[in-house]
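Have a look at the structure below, then the notes.
Laboratory data are not the source of any read-out in this text; all were calculated from the coordinates shown. Being a predicted model, the structure only gives us computed values, none of them experimental. Virtual Cβ from ideal backbone geometry, glycine too; neighbours counted across all protein chains shown.
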Amino acid sequence: MTASLQEVRAELLTEEVVAELFQQCFDEDGLLLGDVTTESIIDEDADINCAVSLREQGVICGLTLLPIGLSLFEDVELLLLASDGDVSEPATVATLSGNHRSILALERTMLNILGHASGIATRTNHFVNLVADTGCLICDTRKTTPSLRLLDKYAVACGGGTLHRLGLHDAALYKDNHLAGLANIRDELATAIAKARAEHVSFVEIEVDTIDQLKKVVELDVDIILLDNMPTDVLREAVAIRSESKRKPMLEASGGVNENTVRDIAETGVDRIAIGGLTHQATWIDFGLDVLP
C-alpha cells in the first residue's frame, strides 16, 4: 500500500529533524550574532502582520514544516492557508503575525525552504504528469542536496514521486562498480544478496548495462533490476525477457531521461524510471513575504 504524504513526512521529517534544520539555517544566517539592519530601524516591541505569498504556479512543499520551525520564536503566530502537495496558482498560502523583528529574522529561512522544496515538488509533478496513464512510477535517486536529503525526498513525495532508498543502509543496490572484477557474477551476487537480505533491507536491486547481463541476473533473488542507459528498443527487449522469467522482478530505467524521452521510456513497459534531475535540476519556486495593511 502506498504511504500517504502525512505518513512520509512523519517518517522522514520528525519534529526533531525539522527543528534542527531550521536552527541550522538560522545559525547560518548569523541570527545568534544579531540582525544589525533590523535592530537599527525596528522597535523591539513593534508588531506586524504579513502574508506568505506563492508568486508563481507550482506544487507547494514545506508549509507543514513551518509550525515546527517557527515554534523557535514564541512571539510569532502562523496560520496555514494551504497544504503540502497542493497544486496552486499564485496565492497567499499562510499568514504571520507577531513581533516585527522576529518575523524579519525568520523570513529568509522560511522562504528558502519553501522555494527549494516546492521547486523539487513541482519538477517531480511535471514528470509524473508526463507518464500519466502508463502505470510507470517516477522515482528519485541519491543525487540530493548535501545535508538536505530528507527534505528533498519529502518534496519528491509532495510532487507525486516514488521514493527510492534513503541511503546506503536501507536497501541493497549493486551497481557496475560493485560488480567490476567479479569472476562469476551470478554466483557471487547470489551470495551477496543472501547477506543483504539478512540485514532486512527494504529491497534488493541490481544494475545492468546490457541484455546479456540482464539474462544472468533476472532469476536471482532480486526485487528490481536497473536498466542503465538503454535505448527504448532494448528496454522493450528487457521487458519481454522479464515477462518470461519465473521471478518477474520490477524493471527500472535510468539514464538519458528528460522531458522529451520520459514518455517513450514509460511506454516500453518498465515499471519505474529513476531521475536524478528531480532534485539536482529543480528550479526554485518563487515565494515572498508581503506586509499586510
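Structural remarks
- Modelled this way, with points 7 Å down the Cα-to-C-beta line, the labels at Asn229 and Lys216 are 1.8 nm from one another.
- Taking every alpha-carbon pair under 8 Å whose residues sit at least 6 apart, region 26-142 reaches a relative contact order of 32 percent.
- Gained length - Val291 relative to Glu267, 0.36 nm times residue gap less alpha-carbon distance: 3.8 nm
- D (Stokes-Einstein, µm²/s), Kirkwood Cα radius, the chain, 1.002 mPa s at 20 °C: 102 µm²/s
- Sequence ranges 224-232, 104-112, 75-83, 144-152, ranked by mean other-Cβ count within 10 angstrom, highest first: 224-232, 104-112, 144-152, 75-83
- Full extension of the segment from Leu168 to Thr145, taken as 0.36 nm per residue of separation minus the current Cα-Cα distance, would add 6.7 nm.
- Working from label points 7 Å from Cα in the Cα-to-Cβ sense, the Ser71 to Leu31 distance is 1.4 nm.
- Contact order, relative form, for region 132-280: 28 percent (alpha carbon pairs under 8 Å, 6 or more residues apart, mean separation divided by residue count).
- Estimated FRET transfer efficiency (Met250, Asp133; beta-carbon r; R0 25 Å; 0.05): 0.85
- Where a label projected 7 Å from the Cα of Ala46 along Cα→Cβ would reach, residues of region 90-112 with amide N under 11 Å: 100-102, 104
- Calculated mean residue ellipticity at 222 nm for the chain: -12000 deg cm²/dmol, from DSSP H runs with n ≥ 4 weighted as -39500 (n - 2.57), summed, divided by the residue count and rounded to 500.
- Shape call, region 1-77: gyration tensor on alpha carbons, a/c limit 1.5: prolate
- Checking Cβ-Cβ separations below 4.7 Å across the chain identifies Cys25, Cys50, Cys136, Cys139 as cysteines lacking any candidate disulfide partner.
- When you restrict to C-alpha pairs under 8 Å that are six or more residues apart and normalise by the size of the chain, the relative contact order lands at 22 percent.
- Cα gyration tensor shape for region 132-280, rounded if a/c is under 1.5, else prolate or oblate: oblate
- For the pair Glu237 and His280 in one chain, pulling the backbone fully straight at 0.36 nm per residue adds 12.4 nm over the alpha carbon distance.
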